[in-house]
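So the structure is just underneath, and the comments pick up after that.
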Amino acid sequence: MDFSLSPRAQSYLEQLDAFIDTHVHGALAVYHEQHRSLTEQGRPHDVPPVVEELKAAARARGLWNLFLPDADEPAHGLTVLDYAPIAERTGWYPDVLPEVLNCSAPDSGNIELLHMFGSPEQKAQWLKPLLAGDIRSAFAMTEPDVASSDATNIRTSIVRDGDTYVINGRKWWITGAADPRCQVLVVMGVTDSEAAAHAQQSFVLVPRDTPGVELTRSLTAYGYTHQPGHAELTFHNVRVPVTNLIGAPGSGFALAQARLGPGRIHHCMRAIGMAEHALALMSGRAKERVAFGRPLAQQGVVRQWVAEARIAIEQARLLVLKTAWLIQNGGPDAARSEIAAIKASVPRTVCDVIDHAIQLHGAAGVGPDTTLAELWVQARTMRLADGPDEVHLRSVARVEFSRPARTYV
């Protein structure tokens, strides 16, 4: 396996590093101050103006839609393997940089879904403005009343009535739905309860302002209010045209796997960037702080934390790169077990690294003066988002048990 970057990817990575140095570093404090001010005004989900300024600067440099190889603008041609280190860089600043490059979830996954399976009309109405970064979207799958880790449990109903679908149900933890720029929801629901378990569900596009769509509440994660928001939504007899169905009726489960599988590469590489950021903070703190007569960097336990963090990050990165290589060379089906493996292992590794960084920072690690507490919240939440660890471990075990038995004498 060759994990080396193509010349094109290396060029993009160098451009991104330069952009981070010249534009992003200086804007981080501005972002947090603007977000704090908007929150005090009762507008916690409005985007800080500096984000739109950075988006314009990134787009002017061609640092745009890098996750999608053949986007109309630019047609950069990056492979999954090429994009991996770029996604890692964005993970250093997960609140800002993914969106600035128009590479943030859930938009990236919805863009891929529409790009692969959307009708020409759906692409014109929704994909084009999403690729331009003019609007945002949300992915409405998880429900409060069922174990949504098993998508066959989904209970939201999508019933055909003439030329429309009528949608009723509840969704929660719908990331981005509270953002005023969110204009469309990709909703998963049951279109045929009598079909086989994996053929009951479908995806339908629901404009955010459709009558009957109610934002019941905005949810916090460990007390943090993230700018795009995590919404609980209720659908009361929501009507949309039948042309808003993505793909064929009953294809929702298959489309979900197509959307979520490659997207987990993005999540995991961003998470590795979060771990690298935490390790950099830990190393810097250890060298500058003195306790019991010597720098923390000379304390044996601290050296062990730093060394184990470096080893764990390198191991996690290699597994993700292997998964990206398999997808690139054989498609998502060729990497099914590895996709599950990274989704279970990487967030746990990243949580451990961030946790030790918090411990090393003491009280500063849990307060607002470092980014560590919020990085930990995001990493810990990843152990539930897109399926909990246990579901992915189950998938890995199932593949392992399916291997032919080997007998050794």
Discussion item. How compact is segment 32-152 by the rule of thumb for globular proteins, expressed as Cα Rg over 2.2 N^0.38 Å?
Written reply: 1.17
Response to the item:
With only helices counted (DSSP H, runs n ≥ 4, each -39500 (n - 2.57)), the per-residue ellipticity at 222 nm for the chain, to the nearest 500, works out to -15500 deg cm²/dmol
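Evaluate the relative contact order of segment 40-107 (contact order divided by residue number), counting alpha-carbon pairs under 8 angstrom at least 6 apart; express in whole percent.
Details: 50 pairs, mean separation 23.4, N = 68.
Dividing the mean separation by the residue count of segment 40-107 yields 34 percent.
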Worksheet, complete the sentence: In order over segment 238-249: 3J(HN,Hα) from phi, Karplus 6.51/-1.76/1.60, θ = phi - 60°, whole Hz, x for each Gly or Pro, gives 6, 10, 9, x, 5, 5, 7, 5, 8, x, 8, x
Item to complete: Calculate what fraction, in whole %, of the accessible area of the chain sits on carbon and sulfur atoms when a 1.4 Å probe is rolled over the protein chains.
Response: 54
Worksheet item: If amide H atoms are built 1.01 Å from N in the plane of the peptide, which residues on other chains or at least 5 residues away come under 5 Å of the amide H of A178?
Response: A231
Fill in: Between segment 179-200 and segment 14-48, the Cα center-to-center distance that results, in Å
33
Practice prompt. Treating cross-link reach as a plain straight distance, find the lysines whose alpha-carbon is under 18 Å from the alpha-carbon of K128, omitting any fewer than eight places away in the same chain.
Written response: K55
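Over segment 176-265, what is the relative contact order in percent, taking alpha-carbon pairs closer than 8 angstrom and at least six residues apart?
Relative CO of segment 176-265 lands at 34 percent.
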Worksheet item: Going by the alpha-carbon gyration tensor, a ≥ b ≥ c the square roots of its eigenvalues, is segment 224-334 rounded (a/c under 1.5) or, if a/c is not under 1.5, prolate (a/b greater than b/c) versus oblate?
Response: oblate
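Want the number for I135 to R160: 0.36 nm per residue separation, take away the alpha-carbon distance, what's left? Display every interim value, and only then the final one.
Numbers: separation 25, 0.36 × 25 = 9.00 nm, distance 2.80 nm.
This chain segment gains 6.2 nm when fully extended.
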Practice prompt. Taking amide H positions as placed in the peptide plane 1.01 Å from N, state which residues far from Y165 in sequence (5 or more) or on other chains have amide H under 5 Å from it.
Written response: V240, V242
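Using the alpha carbons of the chain, what is the convex hull volume per residue in cubic angstrom, as a whole number? Mind dumping the intermediate values first?
On the way: hull volume 66.5 nm³, N = 409.
Convex hull volume per residue, Cα atoms: 163 Å³.
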Worksheet item: Under a straight-distance cross-link criterion of Cα-Cα below 23 Å, which lysines are reachable from K322, leaving out those fewer than 8 residues away in the same chain?
Response: K343
Practice prompt. Pick out, from S395, I358, L384, the residue whose Cα sits farthest towards the positive end of the charge dipole of segment 354-402, with +1 on the Cβ of Lys and Arg and -1 on the Cβ of Asp and Glu.
Written response: S395
Worksheet, complete the sentence: When the charge dipole of the chain is computed with +1 at the Cβ of Lys and Arg and -1 at the Cβ of Asp and Glu, the Cα pointing farthest to the positive end, of I154, V51, Q34, is that of I154
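Take the Cβ-Cβ distance between I311 and Q41 as r, set R0 to 41 Å, and report the resulting FRET efficiency rounded to the nearest 0.05.
Numbers: r = 46 Å, r/R0 = 1.11.
That gives a FRET efficiency of 0.35.
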Item to complete: For the chain, find the longest principal axis of its Cα atoms and tell me its angle to the long axis of helix 49-60, 0 to 90°, nearest 10.
Response: 90
Worksheet item: Once the Cα atoms of helix 372-382 and of the chain are each reduced to a long axis, what angle between those two axes, in degrees from 0 to 90 to the nearest 10, is obtained?
Response: 40
Worksheet item: Helix 252-288 versus the longest principal axis of the chain: what is the Cα-based angle in degrees, 0 to 90, to the nearest 10?
Response: 20
Practice prompt. Quick one: dipole size for the chain, taken about the Cα centre, charges +1 on Lys/Arg Cβ and -1 on Asp/Glu Cβ, in debye to the nearest 20.
Written response: 820
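The values are calculated or read from the model by the stated rules, or taken from the named source; none is laboratory data. None of the values given here were measured: they were computed from a predicted structure. Using ideal geometry, Cβ is built from the backbone for each residue, glycine included, and neighbour counts are taken over all protein chains shown. When the accessible area is computed, the model is the full protein with side chains, heavy atoms only, and any ligands, DNA or RNA have been set aside. Shrake-Rupley method; radii C 1.70, N 1.55, O 1.52, S 1.80 Å.
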